[in-house]
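Here is the structure we will look at.
Only the coordinates and a few stated rules stand behind these numbers; no lab work does. Keep in mind the model is a prediction, meaning the values are calculated, not measured. Positions of Cβ are generated from backbone atoms using ideal geometry, with glycine treated the same way; all protein chains shown enter the neighbour counts.
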Amino acid sequence: MPHAADASAVDRLHEAHDRILDQLARVIVGQQAVIEELLISLFSRSHCLLEGVPGLAKTLLVSTLARSLDLSFSRIQFTPDLMPADIIGTDVLEEDRATGQRQTRFLEGPLFANVVLADEINRTPPKTQAALLEAMQERQVSVGRTRHALVDPFFVLATQNPIEQEGTYPLPEAQQDRFMFKVFVRYPSFAEEFEIARRTTGLPAEETRPVLSAADIIALQRSVREVPVSDHVVRYALALVRQTRCGEPGVPDFVSDQLVWGAGPRAVQFLVVGAKARALLHGRSHVGIEDVRTLAAPVLRHRIVVGFAAESEGVTPDRVIQRIIETTPEREDELTRDPRFQTIFAS
């Protein structure tokens, strides 16, 4: 059995979680699930894709989060004419007036920030999306033959509008796979919207105060990676992901009928590290099945592709994921003794 996580690491991250929520609550009403998934992604050293209609305070949430973490923030409005140099930066030629010598200097673009909001990312051409992809994956940008390292921590939050699709460039599956979560930002409840109307039509809210520095966040990200996880939890995460791969041995018939593409190994990695971060945020030194189960939908929904026939019947990725969860045993003995899962684990 793996040893429990260090008690001090649990206390530090749990305390940080409460302090951040306290600061966000001064500006943001509701959206607790969205905030938790953003924090899990941040402390897992990953990126998030947000999808929601306009006016749900996505930009305000991200900028407030950056201020509460004492991080530099940059917002990029993606448009069809946006070029890679507009987000990466460019080399400029400068002349020294004293000596008359000329030399090039790299002028950093908006990607050189700790928190980058890529607003309406699907409105920009593939060339610019590819430049962002390199930054997300390699944490660097390339200008000519020179590579420039990005600041650490580096956290990309991209938004998509699910309503307007005309004139957009859908994200390639390879780029979607780089995002740890796809988070749905939904309409507020009546009580939340009542509070929003009351709060935003009065005097401005009090200032958000930074509660964590960049160095603190890097240390907490390291603590998340150090959390041990049992073989059973890893096996359960594998069971969920491998069941999305239609046509493979042991995969349920409903998956083969409804999906045309399943999730890759990166989904398992994000499920496990995300479960570690969630456990620490909730003040626990051990990772449980509940942590994996809770994160299954945001991790998998943008990594599986529903077939046309199933989609026309109203089948969504979330429905498929929920059904997979319902048909997967949680207890270790039941999971390992089930003939179907024995086939999946042996393949």
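Taking every pair of distinct Cα atoms and averaging 1/r, then inverting, what Kirkwood hydrodynamic radius in Å comes out for the chain? Don't skip to the end; give the middle numbers.
Values: mean 1/r = 0.0457 Å⁻¹.
Result for the chain, one decimal place: 21.9 Å.
For the stretch 169-316, what's the relative contact order in percent, using C-alpha pairs closer than 8 Å and at least 6 residues apart?
Details: 136 pairs, mean separation 42.4, N = 148.
Worked out over the stretch 169-316, it gives 29 percent.
Using DSSP to call loops (not H, G, I, E or B), can you name the GluC sites (Glu not before Pro) in the stretch 78-184 whose Cβ has at most 11 other Cβ atoms within 10 angstrom? Working shown, then result.
Numbers: sites: Glu94, Glu95, Glu108, Glu120, Glu134, Glu138, Glu164, Glu166, Glu173; in loops: Glu120, Glu164, Glu166.
Passing sites in the stretch 78-184 are Glu166.
Could you grab the relative contact order for the stretch 7-219? Cα pairs under 8 Å, six or more apart, rounded to a whole percent. Numbers along the way, then the final one.
Values: 324 pairs, mean separation 69.6, N = 213.
Relative contact order here is 33 percent.
Evaluate the Kirkwood expression for the hydrodynamic radius of the stretch 215-347, namely the inverse of the mean inverse distance over all pairs of different C-alpha atoms, and round to one decimal in Å. Before the final figure, lay out each step's value.
Values: mean 1/r = 0.0647 Å⁻¹.
Computed over Cα pairs of the stretch 215-347, the Kirkwood hydrodynamic radius comes out at 15.4 Å.
Relative to the first principal axis of the alpha-carbon coordinates of the chain, what is the inclination of helix 265-281, with its axis defined by its Cα atoms, in degrees from 0 to 90 and to the nearest 10?
80 degrees
Rounded to a whole number, what is D in µm²/s for the stretch 8-72 from Stokes-Einstein with the Kirkwood radius over alpha-carbon pairs (37 °C, 0.692 mPa s)?
Numbers: Rh = 12.5 Å.
Once the numbers are plugged in, D ends up at 262 µm²/s.
Report the convex hull volume per residue for the stretch 308-347, counting only C-alpha atoms, in Å³. Working shown, then result.
On the way: hull volume 3.5 nm³, N = 40.
Convex hull of Cα atoms, per residue: 88 Å³.
Treating only the Cα positions of the stretch 187-251 as identical point scatterers, give the base-10 log of I(q)/I(0) from the Debye formula at each q in 0.21 Å⁻¹.
Each listed q maps to, in turn, -0.89.
If you line up the long axis of helix 126-138 against the longest principal axis of the chain, both from Cα atoms, how many degrees apart are they, to the nearest 10?
The helix 126-138 is inclined about 80 degrees to the chain.
Restricting to DSSP H runs of at least four residues, report the calculated mean residue ellipticity at 222 nm for the chain, -39500 (n - 2.57) per run over all residues, nearest 500 deg cm²/dmol.
On the way: 16 runs with 162 residues, N = 347.
Rounded to the nearest 500, it is -14000 deg cm²/dmol.
Under 16 Å Cα-Cα from Lys182, which lysines qualify once same-chain neighbours fewer than 8 residues away are excluded?
Candidates past the 8-residue exclusion: Lys58.
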